[in-house]
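The values are calculated or read from the model by the stated rules, or taken from the named source; none is laboratory data. As the structure is a computational prediction, the values presented were derived from the model and not from experiment. Every residue, glycine as well, gets a Cβ built from its backbone with ideal geometry; the counts of neighbours run over all protein chains shown. Side chains included, ligands, DNA and RNA excluded: accessible areas come from the protein's heavy atoms. Shrake-Rupley method; radii C 1.70, N 1.55, O 1.52, S 1.80 Å.
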Amino acid sequence: MAHALPDLDSLRPAGSKRSSKREFILDTFLRHEGHLSADDLYDLIHREDQHISRATVYRALQWMVEAGIARKVDFGEGRSRYEHSYRHPRHFHLICQTCSRSSEFLSSDIEALIEEIAAARGFTSGQSVLQIYGTCEECRTGREAPSDAVTTELLFARDALRIAIATERSGFEFYTRAARVARDAHGQAVFQKLADEEREHLGTLEQRYQRLLANDPRLESRPTFLFFKGAANGLFAAGAEQVARGVDDKQALMIGIRCERASHRFFKRYGERFEDSEGKQIFLEFASEERVHLELLIREYRALARRLERRPRARSSVRRPRAQA
Ligand SMILES: [Zn+2]
Ligand SMILES: [Zn+2]
């Protein structure tokens, strides 16, 4: 995957001249994933160019933070570390106190909980920092564990696709079941159409997933970045269970509407908050597909309601009071 760099000319502070030293420091920083301290970066620079001073490296780092290229993180070691912020999704950290290595993850459930707590306290939340200190798998077992030492952007895209695929799969399951139980011919046709669409999208997403894997032969086995336990996974699964227990066409459509709406909202809201990246694109594209399904279901729900109204009632279950003479 092409790793686009920020437009440096637009980021450069007004009036500052092109500095080849600064370009070199920036380039070195961007070539190294992870969380570098200013001294780590200085050591890397110094290996290649002995004419760049420590102070120049510090100043360049400060400039990168101000320009939004680097983000300062504090792992409680008494010194700051710096990570990429451009096209780097927000995340939380696991920090090993034995080897000092850190790895990144994100959880939609934790973020939802943080928002819920902030809202309950009338608090507008900005940045949330969550750091888990302890011992990593390698230090604990002595065995080499798959590392997340690729770009987080790649892991994020992989996990966004996994979530979209899981949701699409349970959507397909839901519509297939709904088509089986639908009594109304129109309703049946709509569910069948949606099931076919979900299957087609599933195929497209799986191809995209395969293309992504071509970037890194070990990508599949690398640690999970994005955890989404309660968020999108269960949306359609719960709907499919309800349908299996027996519902009429109107109820089935209503369940479909609820699932698609929740899915659309989740992917849109969650996706919008990320930095520009492939993962963000995946979330937003998937959100708009879900929106199309939602609109189709709403149209069909209204059409069904109109058909039911027009249909002459075979037997009225409610006896009307006789009009008074
Ligand atoms: Zn460790
Ligand atoms: Zn980080």
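In segment 94-106, what count of residues is obtained for those that are open to solvent by 10 Å² or more (accessible area, probe 1.4 Å), within 16 Å of ligand 2 (Cβ to nearest atom) and in contact with a strand residue (DSSP E or B) (Cβ under 9 Å, 6 or more places away or on another chain)? Of the residues in that region, 7 qualify. Using the structure shown, decide if PHE191 is open to solvent by less than 40 Å² (accessible area, probe 1.4 Å) and touching a Cys at 6+ places or on another chain (Cβ under 9 Å). For PHE191, the condition - open to solvent by less than 40 Å² (accessible area, probe 1.4 Å) and touching a Cys at 6+ places or on another chain (Cβ under 9 Å) - is not met. Remark: pairs (first residue in segment 34-52, within 16 Å of ligand 2 (Cβ to nearest atom); second residue of a type in the set (Lys, Arg); Cβ separation under 6 Å; 6+ apart in sequence or on different chains) = HIS35/ARG81; SER37/ARG79; SER37/ARG81. Applying the criterion of being touching an Asp or Glu at 6+ places or on another chain (Cβ under 8 Å) and farther than 23 Å from LEU154 by Cα to the residues of segment 55-93, the residue that is most open to solvent (accessible area, probe 1.4 Å) is ARG79.
Counting only strands (runs of 3 or more DSSP E) that sit completely within segment 51-109, those holding 2 or more residues that are over 18 Å from the mean Cα position of the chain (by Cα) correspond to 70-74, 80-84, 92-96.
Scanning segment 19-33 for residues that are in contact (Cβ under 8 Å) with a residue 12 or more places away in the chain, part of a helix (DSSP H, G or I) and open to solvent by 40 Å² or more (accessible area, probe 1.4 Å) gives LYS21, ARG22, GLU23, PHE24. In segment 138-160, of all residues being in a helix (DSSP H, G or I) and out of contact with any Asp or Glu (no Cβ under 9 Å at 6 or more places or on another chain), the one that is least open to solvent (accessible area, probe 1.4 Å) corresponds to ASP159. Checked against (1) away from ligand 1 (no atom under 16 Å from the Cβ); (2) of a type outside the set (A, V, I, L, M); (3) closer than 24 Å to LEU219 by Cα, CYS96 passes all but condition (1).
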